[in-house]
Ligand code: NAP
C-alpha cells in the first residue's frame, strides 16, 4: 500500500494536472514549473472554416493533454512557421482535421520547457529546455528497430498528420521527439529551424550512396527558402558546392553569404512546366534547348561538371529540367511538389544515364539529432527571418502562402514574452 502511495505521488508530481493554481493561464503568463492547467489557448482549424489561414485558424480554449507513459508535456515558448499549416488551413491536398475530434492544431516546430513527463521517460525531466522534431512513430515495428523509422507504417508528422501540434501553450509529444535546445540561441531562433534543417539533412545524407561529400556539386531550388537555405549551409559545412536558384536578384547576396558558390535567377530561364509531348519534335527540341541554357550557366559555375544532386521541391514546374540536368548516375531528391504533383520527365535520360529519383520525407530521430548537432556546433545558422507575436501566427502563414516572406525561417512567440530570451530564468 505504501509503495502504491509513493508511485501515486510520483505521478502526481510528474504530471500535476490537478494541482494547477489556475484553470487556464494567459498567453505569456508562466505558471510555477510543473504546474499543468486544465486548459490552454490554441490556434484551431475546423472543417467549416477551411481557407486562408486567417479564416481557418481561430483561437480556442482546448484541454491540455496529459502525457502518456512515453510522452512529455512541453510548455511551448516559440514556434516555427512552415508550409504544413498553409496546406492544413486550406485542406489541400486533403483535410487533416481529426476525424473523431473535429479539430486540428497545427505547428510542427517548437522550442519549450518540459513541463511534465510520463512514467517511462528517463532521458528528459521537468525543466529541461528542448526543441521538438516532428517525426512520430510507435517505436514498435521492425522498421523502428533496426530498419528505417521513416518507413514504419506508424510514422506520422506531428502537427500535420497528428492534430495536437505546437500552435498552443502546451503540447504533448513522444519523448523521442525531443532534442537539446542550443544554448546560444533564443527561444524563437531555436523554435524555427528543425523541420527545414532535418528535412534538408536527410535529403542530402540519408540516401546513400548518393550522400553529400566534399567537392560535390548540388543544385538547390528555392535556395533562399526554408529548406533551401538549410541545404546551402549544409553544403558549405561539408565542403560541397551549392548552386542556388532564386527568383529575385535581391536574394543573391543572401544566398551567396550562406556559402553558395553560384546563384542563378530562374526568371532568366524558360525551361519550366511539364515536359512537352515528346512526339511534337519541334516543341520538344525547343524545350531541351532551354534546359541546356540553364545547364550552360551551371557549367560556368562548376567548371563544366554536371551536378551530382538536385535538391527538388517545387515539383511539377522544375522536375523535367532537374531530371535532365543531373549528372549520369546522379540523384534528384524530392520532398515536395509546391508547384504541382504531376511530375513529368523523359524516361530515356533516366535509364540511359542511370539517374536516381529519390523521394525523401522529413527525418528520423538519428538524422534530426545529427542535424541539430550541426546547429549546436554553430555550423548552421537558424536564419530566423522574422519573429511574429502569437496573434500574428495566421497572417505569417498567409505571407508564406503568397511567397512574400523574407529569406530563411519565420518564428512566432508563444509563452516567451519577448524576443531574445534564452532560458527559463529569462522568462521569470
Ligand atoms: P519556402 O520557404 O516557401 O521556400 C520555397 C522556395 O521555393 C521559395 O522561396 C521559392 O523561391 C521557391 N519556389 C516557389 N515556387 C517555385 C517554382 N514554381 N519553381 C521554382 N522554385 C519555386 O518553403 P520551404 O519551407 O522551403 O518548403 C518548400 C516545400 O517543401 C513546401 O512545399 C513544403 O511543404 C515542403 N516540405 C516538405 C517536407 C517533407 O518532409 N516532405 C519538409 C519541409 C518542407 P524563389 O521564388 O526564390 O525561387
Residues within segment 385-428 that are farther than 29 Å from residue 32 by Cα and more than 21 Å from the chain's Cα centre (by Cα), tallied: 0
Listing of strands (runs of 3 or more DSSP E) fully contained in segment 140-255 that carry 1 or more residues being within 16 Å of the ligand (Cβ to nearest atom), in contact (Cβ under 8 Å) with a residue 24 or more places away in the chain and farther than 18 Å from residue 109 by Cβ: 217-220, 241-246
Residue that is farthest from the chain's Cα centre (by Cα), among those in segment 97-137 that are under 17 Å from residue 393 (Cβ atoms) and part of a loop (DSSP other than H, G, I, E, B): 103
In segment 81-91, the residues that are surrounded by fewer than 24 Cβ atoms within 10 Å (Cβ to Cβ) and closer than 23 Å to residue 181 by Cα: 83, 84
Hits in segment 34-48 - residues which are surrounded by 15 or more Cβ atoms within 10 Å (Cβ to Cβ) and either more than 25 Å from the chain's Cα centre (by Cα) or modelled with pLDDT under 95 (or both): 34, 35, 36, 37, 39
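From 94, 27, which residue is more than 23 Å from the chain's Cα centre (by Cα) and either closer than 18 Å to residue 172 by Cα or loosely packed, with under 14 Cβ neighbours inside 10 Å (or both)?
Of the residues listed, the single one that is more than 23 Å from the chain's Cα centre (by Cα) and either closer than 18 Å to residue 172 by Cα or loosely packed, with under 14 Cβ neighbours inside 10 Å (or both) is 27.
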Residue match in segment 348-359 (condition: over 22 Å from the mean Cα position of the chain (by Cα) and touching a residue at least 40 places away in the same chain (Cβ under 8 Å)): yes
Test: residue in segment 261-281 that is out of contact with any strand residue (DSSP E or B) (no Cβ under 9 Å at 6 or more places or on another chain), part of a helix (DSSP H, G or I) and away from the ligand (no atom under 16 Å from the Cβ): yes
Within segment 50-87, tally of residues that are without any contact (Cβ under 8 Å) to a residue 60 or more places away in the chain and in contact with a strand residue (DSSP E or B) (Cβ under 7 Å, 6 or more places away or on another chain): 5
Search result, residues across segment 259-284 that are touching a residue at least 60 places away in the same chain (Cβ under 8 Å) and surrounded by fewer than 16 Cβ atoms within 10 Å (Cβ to Cβ): 274, 278
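Yes/no per residue for (1) buried (at least 19 other Cβ atoms within 10 Å of the Cβ); (2) in contact with a helix residue (DSSP H, G or I) (Cβ under 7 Å, 6 or more places away or on another chain):
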| position | (1), (2) |
| --- | --- |
| 358 | no, no |
| 365 | yes, yes |
| 368 | yes, yes |
| 373 | no, no |
| 376 | no, no |
| 379 | no, yes |
| 382 | yes, yes |
| 386 | no, no |
| 390 | yes, no |
Lone unmet requirement of (1) surrounded by fewer than 22 Cβ atoms within 10 Å (Cβ to Cβ); (2) away from the ligand (no atom under 16 Å from the Cβ) for residue 78: (1)
Test: residue in segment 288-304 that is in contact with a strand residue (DSSP E or B) (Cβ under 8 Å, 6 or more places away or on another chain), part of a loop (DSSP other than H, G, I, E, B) and within 16 Å of the ligand (Cβ to nearest atom): no
Hits in segment 305-341 - residues which are outside any helix (DSSP H, G or I) and more than 13 Å from the ligand (Cβ to nearest atom): 305, 306, 307, 308, 309, 326, 327, 328, 329, 330, 331, 332
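The values are calculated or read from the model by the stated rules, or taken from the named source; none is laboratory data. Since the structure is predicted, the reported quantities are computational estimates derived from the model, not experimental observations. Here Cβ is always computed from backbone atoms with ideal geometry, including for glycine, and neighbour counts include all displayed protein chains.
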